[in-house]
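Derivation of every value follows stated rules applied to the coordinates shown; laboratory data play no part. Everything numeric here is computed off the predicted structure, so don't read it as measured data. FYI the Cβ positions are ideal-geometry reconstructions off the backbone, even for glycines, and counts take in every protein chain you see.
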Amino acid sequence: MRELIAQHCICCGSDHLAKSAAVLMPFVALRVFGHEPVQITAEWGLRDLREGTAYTLCNSLQCQECGALFLDYRFTDGQLAALYHNYRDVHYNAQRIRFEPGYVNVVEHYHQRAAYIAEVEAWLAPRLPQAPAVLDWGGDTGINSVFRDSNSLLHIHDISGVELVAGAERVDLSQIGQQHYDLVTCSQVLEHVSFPAELVERMLPALGPQTLLYLEVPHEALVREHPDSLALAPLKRHWHEHVNFFCEVSMRRMLERLGLEIVDVLRLPVDVGWTRGEVLGVLVRLA
Ligand SMILES: [Zn+2]
């Protein structure tokens with residue numbers, strides 16, 4: 001069931017959630033809701049409100065069963081499309097830099113292949129054939145697809161219409177169920193979406209009995225710095241495009257509920273323009 005303001009955990013489904021007030025960052029609020037920060041002044045003539053800056057309010061929620069930390073708003077497909085419309089093109093970057101001057105530094109990095117991908121490949125390789133058949137779900141151009149240069153085929157399923165790297169082939173849902181894949185990957189996607197369990201469920205037709213599924217999310221600093229803490233909601237005072245902060249337990253619960261078996265878990269330090277810190281990779285297969 002899709003709740004547009006979450007009442008249940010997005011990973012384990014529990015309704016035992018801690019809640020704390022936060023703000024939605026102005027760039028996201030503008031793209032999703034059309035809100036701009038506003039000054040409430042005396043001219044507004046509001047007898048019972050104080051003057052000052054108003055931002056878009058939201059809540060931080062943390063599941064008290066599995067530890068997942070997330071924004072209460074669950075954006076609709078249309079709102080997410082508005083948020084990511086022409087992601088990282090010139091207009092997008094200019095609009096974002098207006099609110100976040102530091103985004104300039106990110107822009108310089110995202111068109112390069114991230115160095116840590118080689119380490120992910122080294123971790124996965126012993127479990128796979130020499131040149132695996134790979135499906136990258138949400139892989140954009142394929143620039144960061146694992147085994148980009150050593151596959152028997154590389155399929156990419158992505159909503160953007162961008163041009164793909166050499167050797168990659170775009171596939172739609174109907175093609176996915178007919179192909180054998182050794183490896184299905186979905187990296188740096190689940191932290192952006194409103195209904196991550198639903199997204200993983202859509203990948204299941206691509207899995208055969210031998211197929212491995214590798215799911216990678218940022219292991220956010222707040223989560224890392226407070227291992228096993230269930231008191232993170234009051235520490236999370238703003239939300240940006242990562243609307244879900246996962247920990248290992250929340251990933252496990254979400255995936256086990258979908259009938260998947262955990263094969264292994266990877267924690268890898270990374271330092272690239274668009275993510276700095278650590279990634280959490282979870283390798284699963286059909287149970
Ligand atoms: Zn939970």
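So what is the relative contact order for segment 17-105, in percent, with contacts set as C-alpha pairs under 8 Å and at least six apart?
Values: 103 pairs, mean separation 26.7, N = 89.
Taking the mean separation of contacting Cα pairs over the length of segment 17-105, I get 30 percent.
Tell me which residues come under 5 Å, amide H to amide H, from Asp158 once H is placed; ignore anything under 5 positions away on its chain.
Gly138, Val171
With a cut-off of 8 Å between alpha carbons and a minimum separation of six or more residues, what is the relative contact order of the chain in percent?
Numbers: 532 pairs, mean separation 59.2, N = 287.
For the chain, the relative contact order is 21 percent.
Can you work out the base-10 log of I(q)/I(0) for segment 82-147 at q = 0.17, 0.23, 0.25 1/Å, using the Debye formula on its C-alpha atoms alone?
-0.75, -1.02, -1.12
For segment 134-243, build the convex hull from the C-alpha positions and give me its volume per residue in Å³.
Numbers: hull volume 14.7 nm³, N = 110.
Here the figure is 134 Å³ per residue.
What residue among Asp72, Asp271, Asp136 shows peak mean-square fluctuation when the chain is described by a Gaussian network model with Cα springs under 10 Å?
Judging by the Gaussian network model, the answer is Asp271.
Only Lys, Arg, Asp and Glu count, each charged at its Cβ (+1, +1, -1, -1), so figure out the dipole size of segment 17-107 about its Cα centre, rounded to 20 debye.
On the way: 8 positive and 9 negative charges, 23 e Å.
The calculation lands at about 100 debye.
Could you go through segment 30-40 in sequence order and give the Karplus-derived ³J(HN,Hα) for each residue, using 6.51 cos²θ - 1.76 cosθ + 1.60 with θ = phi - 60°, rounded to whole Hz, and x for Gly and Pro?
In residue order, the calculated couplings are 5, 5, 8, 10, x, 8, 10, x, 9, 8, 8 Hz.
List the residues whose amide H sits under 5 Å from the amide H of Leu266, counting only those 5 or more places along or on another chain, with H placed 1.01 Å from N in the peptide plane.
Gly281, Val282, Leu283
Rg(Cα) of the chain divided by 2.2 N^0.38 Å?
Numbers: Rg = 19.9 Å, N = 287, 2.2 N^0.38 = 18.9 Å.
Cα Rg divided by the expected 2.2 N^0.38 Å: 1.05.
Place a point 7 Å from Cα of Tyr55 in the direction of its Cβ. Which residues in segment 10-38 have their backbone N less than 18 Å from it?
Hits in segment 10-38 for Tyr55 at 18 Å: 20-38.
Size of the dipole of segment 66-190 about the Cα centre, Lys and Arg at +1 and Asp and Glu at -1 on the beta carbon, nothing else charged, in debye to 20?
Numbers: 8 positive and 15 negative charges, 36 e Å.
Using only the charged Cβ atoms, the result is roughly 180 debye.
Across segment 179-194, in residue order, what do the Karplus-derived ³J(HN,Hα) couplings come to in whole Hz, using 6.51 cos²θ - 1.76 cosθ + 1.60 with θ = phi - 60° and x for Gly and Pro?
With coefficients 6.51, -1.76 and 1.60, one gets 10, 8, 10, 7, 9, 10, 10, 8, 10, 6, 10, 4, 6, 9, 9, 6 Hz.
Calculate, in nm to one decimal, what Phe33 and Gln178 gain on full extension: separation in residues at 0.36 nm each, minus their alpha carbon distance.
Contour length minus Cα-Cα distance gives 48.3 nm.
Given a Förster distance of 45 angstrom, what is the FRET efficiency for Arg285 paired with Ala42, based on the Cβ-Cβ distance and rounded to 0.05?
Values: r = 63 Å, r/R0 = 1.40.
For R0 = 45 Å, the calculated efficiency reads 0.10.
How far apart, in nm, are two points set 7 Å out from the Cα along the Cα-to-Cβ line at Asp264 and at His238?
The two pseudo-label positions are separated by 3.8 nm.
For segment 92-169 and segment 7-54, compute the distance between their C-alpha centroids and round to whole Å.
Comparing the Cα centres of segment 92-169 and segment 7-54, I get a distance of 33 Å.
What does the helix-only formula give at 222 nm for the chain: each DSSP H stretch with n ≥ 4 adding -39500 (n - 2.57), the total divided by the residues, and the result rounded to the nearest 500 deg cm²/dmol? Could you put the intermediate results ahead of the total?
Working: 9 runs with 66 residues, N = 287.
Only helices count here, giving -6000 deg cm²/dmol.
Among Pro218, Gln175, Gln112, which residue has its Cα positioned farthest towards the positive end of the charge dipole of the chain, with +1 placed on the Cβ of Lys and Arg, -1 on the Cβ of Asp and Glu, and the dipole taken about the Cα centre?
Pro218
Where nothing but the Cβ of Lys and Arg (+1) and of Asp and Glu (-1) is charged, how large is the charge dipole of the chain around its Cα centre, in debye to the nearest 20?
Values: 23 positive and 36 negative charges, 71 e Å.
That gives a dipole near 340 debye.
Pop a pseudo-label 7 angstrom from the Cα along the beta-carbon direction at both Glu121 and Ser14 and give the gap in nm to one decimal.
Those two pseudo-labels are separated by 4.0 nm.
Work out, step by step, the length gained on full extension between Tyr84 and Asp271: first 0.36 nm times the residue separation, then minus their alpha carbon distance; give nm to one decimal. It would help to have the intermediate numbers written out before the result.
Numbers: separation 187, 0.36 × 187 = 67.32 nm, distance 2.34 nm.
This chain segment gains 65.0 nm when fully extended.
When DSSP beta bridges are limited to those with both residues in the chain, what percentage is antiparallel, rounded to the nearest 5? Provide the component values of the computation, followed by the final result.
Numbers: 34 of 52 bridges.
Looking only at bridges with both residues in the chain, the antiparallel portion is about 65 percent.
Starting from segment 153-251, pick out the trypsin sites (Lys or Arg not before Pro) whose DSSP state is loop and whose Cβ has at most 15 other Cβ atoms within 10 Å. Write down the numbers at each step before the final one.
Details: sites: Arg170, Arg202, Arg224, Lys236, Arg237; in loops: Lys236, Arg237.
Hits after loop and neighbour filter: Arg237.
Please compute the alpha carbon radius of gyration of segment 1-120, then divide it by the globular-protein estimate 2.2 N^0.38 Å. Two decimals is fine.
Working: Rg = 18.3 Å, N = 120, 2.2 N^0.38 = 13.6 Å.
That works out to 1.35 for segment 1-120.
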